[in-house]
Amino acid sequence: MDIFPKCSVCQQQFVLKGPAPYLLPCLHAVCETCVTSAGAGVISCSTCQREVNLTDTRLKKDAVRQKEIFHLTAKHRPTELLCTHEDDSNQAVCWCRQCEELLCEYCQNMHSSLKPTRKHVLQNLSDFKPVVSNIPTPCSIHNPDSLYLFDLRCNILICGRCRFEDHADHEVEKLDVVAESILKQLDQHKTELATLHARQQSNIQNIRRGTEITDTTHNTLKENIGHTFRVLRSQLDQREEELLTDLEGQTKATKTSLRTQLNTCEEASKKCSEVLDYVTKVLTYASQSDLLELESSVREATRAFLDTAETQTQDIPAAVFNTNGLSKLKSNISRFGAVLTKDMEKQYARDKETQTEHDFIAEMEIKYKNSIDENENIVKRASETTHFMLGLLNECDVHLLKSDALDKSMVLKCIHLKYDTDKINLDEAHINTEGDLINSKSATRSARKGRLKKYRGTCSTIPLPLTDCPQYWETETRVGLDKTLTGSILILEVGVCAEGEMDMTSYVARRPHAYSLIVRHCTTHEGICRVTWKEGKEVTLHLPYTIPNTAGAPHTLHYGVVYDDARKKIVFIDVKEKKAISTLDNVDSSQPLRPVFGLYSAPVVTVSMRLVVGSDINMTEEKKAMIVKALS
């Protein structure tokens, strides 16, 4: 039966007692035989053509598909299921959910009569339906204690005795709480994928409908052209052939374009449907422990589709046959006839009852002259823009965000910011010999006037210039915790602020002319979160678990900031995670804005912030695309 899943390498169906399925990163399955035969080599998924290096990737057994195979066997091949209680080779008739055993008729009667098992839920195989089993798994170390806790540091399930022995100082959470969180994420993945899949199906229908319209239009115009030329056959035979050739060419080009769009959409829809189908199966079959195993794979596969730009279908060009000035064309046959799209036809359509042929030709001549003048102006403006852009691109550390868009708004300047050493608050911070900003008091203080007194850090030496081009800089910060943090504790802040607001408080996030990203320990999640602020208000939900809330080795946070005065936007980017955290709109630049850099909570937290500017910035194509998407 084709309803049974197949191995994505050898295409053999999985069966209940056959080779076990293993889960590939693309969420397709490969059988144990193919995994074993590949050894430490490379497995190529024939479904999506993705290659997996088994040296770098450890495959896990696909628990979801194993349960799917079991339920499909119970539904379509029940004779293959034998009693597992006594291994007496009798035909199984029911399934005990608590014992997770198949029972024959004799064992079923015994099972229902014994006091320890009489209250167990038995399901007849004839009406067997998928039910998620959350029976606790016994601990391999402290059997029969069950695994009901999840160690967030070790990323494993543990029992109560493990919690107080080898994992005493680790952060743990109950299994059902972690599983519930993952379940909500999977529901969100399913919703997003279903929405994307619905749009793809709509696009496919539009393209198919466009193909049908194109064929219908082709047939209609072909008849119209044939009728017209039968009247003028003696003079227009040659011109008719030229127009038919033109029509065929345009039709072929249109259908080729539509076919390309259709293939792209169908392929994307197929892959999306596969991921969506697997997520649905996970939600149907996966236990809580399965969810922990699968969450990262499903999340990565889902994000790979959601972050991919969706294919946009174009309007279907509807062609028409233009026959204005038919009587004049008898003497001017060489210029008669044209196969036009609807947009082109609008330029020539006229009311024949109110406009003479002479007026029509005169108007066309005027419009032709005006179009020449307009084209000359466009060429002139394009030349000026080109010279401006070439001048910018000759500057150091300037990048074109789109290679095919010669526009000021697509030029990104990696500006050369510097810490203002004359304004740094030396009671709270200093700059070391490597040029990094440190959250500890300066050993040699200067009495220079004009230093910041309340803000715990410093700003840039100059305000941000007002230009037509987006500006960009990065900070790379090493953060080390001396102990686990509690309470609401600030760690760092990066952003921009009006000069008059800069030294009103220890951090600028709550000021009315400030835009910033802060990292702090938050009492809501009992973890370290990052939050963006705009003009004194939080504008994004907390993003918890930015770094582990544990003492030990330092962690690196790498953030980028885009300031676009023309669009009135500021974008905060997580460079390590390769995603835009937040885009702030309607930025008020009526007052000069300065970048600010705040460091907090010494000596409990050690913070070292390095400015990454100019040619030190690694401007990849992926980063450019992320910035373009965030600004648009």
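The values are calculated or read from the model by the stated rules, or taken from the named source; none is laboratory data. Because the structure is predicted, anything quoted here is derived from the model rather than measured. Counting neighbours? That spans all protein chains shown, and the Cβs are built from the backbone with ideal geometry, glycine included. Please note that ligands, DNA and RNA were not included when accessible areas were found on the heavy atoms of the full protein model with its side chains. Shrake-Rupley method; radii C 1.70, N 1.55, O 1.52, S 1.80 Å.
Observations on the structure shown:
- 5 angstrom amide H check on CYS10, placed H, neighbours 5+ away: CYS31
- Computed 3J(HN,Hα) for region 172-177, one whole-Hz value per residue from the Karplus formula 6.51 cos²θ - 1.76 cosθ + 1.60 where θ = phi - 60°, is 10, 9, 5, 4, 5, 5, glycine and proline marked x.
- Accessible area (Å², 1.4 Å probe, nearest 10) - SER273: 50
- Sites THR216 and THR245 - FRET efficiency at Förster radius 22 Å, r taken between beta-carbons, to 0.05: 0.60
- Annotation: ARG510 carries an accessible surface of approximately 140 Å², with a 1.4 Å probe and no ligand, DNA or RNA atoms counted.
- Whole-Å distance, taken between Cα centres, linking region 412-481 and region 35-106: 59
- Three-way shape label, region 494-632, alpha-carbon gyration tensor, a/c 1.5: oblate
- Amide H within-cut-off set for VAL575, under 5 Å, with H built and near neighbours excluded: HIS558, TYR559, GLY560
- Filter on LYS423/LYS629; LYS60/LYS281; LYS418/LYS568 - keep pairs with C-alpha separation over 25 Å: LYS423/LYS629
- Amide H contacts of ASP145 (H built 1.01 Å from N, in plane; Pro and chain starts excluded): CYS139 sit under 5 Å, all sequence-distant by 5 or more or on other chains.
- Between the beta carbons of MET110 and HIS76, assuming R0 = 22 Å, the FRET efficiency works out to 0.20 to the nearest 0.05.
- Gyration tensor verdict on region 12-77 (Cα atoms; rounded if a/c is under 1.5, prolate if a/b is larger than b/c, oblate otherwise): prolate
- Potential lengthening of the chain between SER140 and ASP169 amounts to 8.4 nm, from the contour at 0.36 nm per residue minus the alpha-carbon distance.
- The solvent-accessible area of HIS558, taken with every protein chain present and a 1.4 Å probe, is close to 30 Å².
- Cα shape, region 202-308, gyration tensor, a/c 1.5 rule: prolate
- The calculated FRET efficiency for the pair LEU306 and LYS60, based on their C-beta separation and a Förster distance of 25 Å, comes to about 0.60.
- Exposure ranking of TYR148, TYR563, TYR22 by accessible area [1.4 Å probe, largest first]: TYR148, TYR22, TYR563
- Restricting region 566-597 to trypsin sites (Lys or Arg not before Pro) that sit in a DSSP loop and have at most 15 other Cβ atoms within 10 Å of their own Cβ leaves LYS568, LYS576, LYS578.
- Of the listed residues THR458, THR467, THR220, the order by accessible area with a 1.4 Å probe, largest first, is THR220, THR467, THR458.
- Residue ranking by accessible heavy-atom surface, 1.4 Å probe, largest first, among ASP307, ASP277, ASP290 comes out as ASP307, ASP277, ASP290.
- Inter-site label distance for SER296 and LYS537 at 7 Å from Cα along Cβ, in nm: 3.9
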